[in-house]
Amino acid sequence: MNSCFPTILSFEKDFRNYLTSNNSGSAEFHAGNFTYSPITLRSSMDRSPIFPHFGNASSYHPLIIERADGVNFWDSTGKKYIDGVAGVMVVNAGYGRQSIIDAMKDQIDRLTYNFLSYSISPPALNAARRLIEMLPGRMSKVFYTTGGSESADTAVKLARMFHVMNGDPKRHRFIGRWISYHGSTIGGLSCSGHPPRRKNFEPLLLNFPHAEPAYCYRCPFGKEYPDCEIECAKSLEQLIRNEGPESISAFIAEPIVGSTGGALVPPPEYFKIISEICERYEILLVMDEVLTGFGRTGAMFGCDHWGVRPDLIMMAKGMSSGYAPIGGVAVNEKVDEILQSGEAADFAHGFTFAGSPVACAAVLANLEILTKENLPKHALSMGEYLMKRLKELNHRIIGDVRGKGLLVGVELVKDRETKKIFDGSHQVAARVASLALQRGVKIFGLKGSESGMISDFLVISPPLVIQEQDLDVIIDAIDQSLSEVEEALN
Ligand code: PLP
């Protein structure tokens, strides 16, 4: 912005004041012969030249976000918001972190691109080393990608390659779980178990089976913890037997189901049982830490809550806190050893932009912030405060408040006693989120599965640097918006 505007100090000051105070969104800014009109696509006549992601192009009225700082962003009309979702559970370190920006600028001056097929940059090397130190389990190598979906497809292929080289070439299918989400690519979506995202693409998807979710509020077996004997975990064994263990290469799970389940936290025993079953049937355990990784749930990685030691770990989102697109898959020593053996070690898989030097510089600076400021610990205590306050809210449509750290879900129900879900067409959660947005707070209001598997839910997942006073603003906005929707439902 600076390069196209006069740089006289008074102008900058006035323009900055205008941007932060123009809450009406309509006023223009004039200085000499310079005029600035707020950019907006909010008129129904104005069509976006950009496809929405996960949305309907005909009803796409996006915010135009011009700048951000800390936990706030400002739209093109100058209106200020609290980002209660960290972009999309991405900006863990918060916006405008100077050390990340400086590291990226410094790297841009040195080297902006290299191709991992024949070369490697110092930040890519250092970031991989640092990740291996931090990740749970005995991780040995990182395969860089540019995001979470590419990480899912990479995990599918790495697991397949492992079994081929291990003399077990029939194993090629992943087992995913219903409700979970692992990506939009064909591989990632085949692993995913969220019917609305799969619906129109079913004929394209791979023949991957799905296990029941660990969803205590609506136990798929109609049981109650702790008398349930963790059937959601134990039932995996029967599924493996039914499908034929000789065809299964890996089991994939999010430690806590995020965007499609509204923070489904498994019972404490769950992953121990899952790990034992996977080991018994020589099936690799893949943990999808794309959303839960890098402090989001109050531990550096979601796996850390239960001491899970996966064979493969998928990463993206908070890996760079969104300062650059990057992801990766880490493999443990067992997998790495097999992948390195023999002539077939040619892994014909890669991405032009993966492991970009500038993105890796951002990763390194971001990891430094997460560890130095102990943001996982801060997220844990802020998450406890957020959940406590949400549980105190008195609304008849709140069915369940759950989560860990700063990944918190609020499931909305038509009837608290029967847990009856809303008809999807009512868009209850979306209406709550839209009203909260008008109050200057961005949260997600998502529709549950059309199959009745899960009701509408809200997700609150702000940058990990958030403090109590901003959480109070988020909670007040949710409280008032819920009241408005409840009244309209009467
Ligand atoms: N895995 C999980 C758990 C996710 O939440 C997401 C995205 O939300 C993905 C994978 C896909 O990541 P991306 O959108 O970067 O492709």
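Yes/no per residue for (1) among the aliphatic types (A, V, I, L, M); (2) assigned by TED's automatic domain parsing to the domain that holds Ile132; (3) closer than 30 Å to Glu269 by Cβ; (4) at pLDDT below 95:
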{"site": "Phe294", "(1), (2), (3), (4)": "no, yes, yes, no"}
{"site": "Ala299", "(1), (2), (3), (4)": "yes, yes, yes, no"}
{"site": "Cys303", "(1), (2), (3), (4)": "no, yes, yes, no"}
{"site": "Trp306", "(1), (2), (3), (4)": "no, yes, yes, no"}
{"site": "Leu312", "(1), (2), (3), (4)": "yes, yes, yes, no"}
{"site": "Gly328", "(1), (2), (3), (4)": "no, yes, yes, no"}
{"site": "Glu333", "(1), (2), (3), (4)": "no, yes, yes, no"}
{"site": "Leu339", "(1), (2), (3), (4)": "yes, yes, no, yes"}
{"site": "Asp346", "(1), (2), (3), (4)": "no, yes, no, yes"}
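Scan the range 174-193 for residues that are open to solvent by 20 Å² or more (accessible area, probe 1.4 Å), more than 8 Å from the ligand (Cβ to nearest atom) and either in a loop (DSSP other than H, G, I, E, B) or closer than 29 Å to Cys216 by Cβ (or both) and the total you get is 1. Among the residues of the range 217-232, are any closer than 30 Å to Ser320 by Cα and within 25 Å of the chain's Cα centre (by Cα)? No.
In the same structural domain as Phe444 (by TED's automatic domain parsing), more than 16 Å from Tyr217 (Cα to Cα) and not charged (D, E, K, R) - does that describe any residue in the range 406-415? Within the range 406-415, one or more residues are in the same structural domain as Phe444 (by TED's automatic domain parsing), more than 16 Å from Tyr217 (Cα to Cα) and not charged (D, E, K, R). The strands (runs of 3 or more DSSP E) falling completely within the range 228-332 that include 1 or more residues that are among the polar types (S, T, N, Q) and either in contact with a Leu (Cβ under 6 Å, 6 or more places away or on another chain) or away from the ligand (no atom under 11 Å from the Cβ) (or both) map to 248-253, 327-332. Of the listed requirements (1) open to solvent by 30 Å² or more (accessible area, probe 1.4 Å); (2) touching a residue at least 40 places away in the same chain (Cβ under 8 Å); (3) touching a strand residue (DSSP E or B) at 6+ places or on another chain (Cβ under 7 Å), Val432 misses just one: (1).
What are the residues in the range 103-116 that are among the polar types (S, T, N, Q) and assigned to a loop (DSSP other than H, G, I, E, B), if any? Scanning the range 103-116 gives Thr112, Asn114. Of all the criteria given as (1) within 15 Å of the ligand (Cβ to nearest atom); (2) under 24 Å from Met300 (Cβ atoms); (3) not in a strand (DSSP E or B), the one not satisfied by Tyr144 is (3). Checked against (1) in contact with a helix residue (DSSP H, G or I) (Cβ under 7 Å, 6 or more places away or on another chain); (2) in a loop (DSSP other than H, G, I, E, B), Ser119 passes all but a single condition, namely (1).
Just wondering, is there one or more residues in the range 220-240 that are under 24 Å from His349 (Cα atoms) and open to solvent by 60 Å² or more (accessible area, probe 1.4 Å)? So far as the range 220-240 goes, no, none of its residues is under 24 Å from His349 (Cα atoms) and open to solvent by 60 Å² or more (accessible area, probe 1.4 Å).
Selection of the range 57-106 for residues being of a type in the set (Ser, Thr, Tyr) and open to solvent by 30 Å² or more (accessible area, probe 1.4 Å) yields Ser58, Ser59, Tyr60, Tyr95, Ser99.
Quickly run through the range 390-426 and pick out the residues that are surrounded by fewer than 19 Cβ atoms within 10 Å (Cβ to Cβ), of a type outside the set (D, E, K, R) and at pLDDT 95 or above. Result: Leu393, Asn394, His395. Quick one: in the range 76-102, which of the residues that are over 30 Å from Phe347 (Cβ atoms) and in a helix (DSSP H, G or I) is farthest from the chain's Cα centre (by Cα)? The residue in question is Asp102. Here Ala263 meets each of (1) open to solvent by 10 Å² or more (accessible area, probe 1.4 Å); (2) in contact (Cβ under 8 Å) with a residue 12 or more places away in the chain; (3) not charged (D, E, K, R) with one exception, condition (1).
For the range 357-376, the set of residues classified as open to solvent by 30 Å² or more (accessible area, probe 1.4 Å) and either of a type in the set (S, T, N, Q) or touching a Phe, Trp or Tyr at 6+ places or on another chain (Cβ under 6 Å) (or both) consists of Thr371, Asn374, listed by residue number. Scanning the range 237-260 for residues that are touching a residue at least 60 places away in the same chain (Cβ under 8 Å) and over 16 Å from Phe208 (Cα atoms) yields Glu254, Ile256, Val257, Gly258, Ser259, Thr260.
Among the conditions (1) more than 15 Å from the ligand (Cβ to nearest atom); (2) closer than 21 Å to Glu150 by Cβ, Asp400 misses just one, which is (2). The single condition from (1) surrounded by fewer than 23 Cβ atoms within 10 Å (Cβ to Cβ); (2) over 20 Å from Ala93 (Cβ atoms) that Ala324 fails is (2).
The values are calculated or read from the model by the stated rules, or taken from the named source; none is laboratory data. Because the structure is a prediction, the values reported are computed rather than measured. Cβ atoms come from the backbone with ideal geometry, glycine included; neighbour counts cover every protein chain shown. Calculation scope for accessible area: heavy atoms of the full protein, side chains included, ligands and nucleic acids excluded. Shrake-Rupley method; radii C 1.70, N 1.55, O 1.52, S 1.80 Å.
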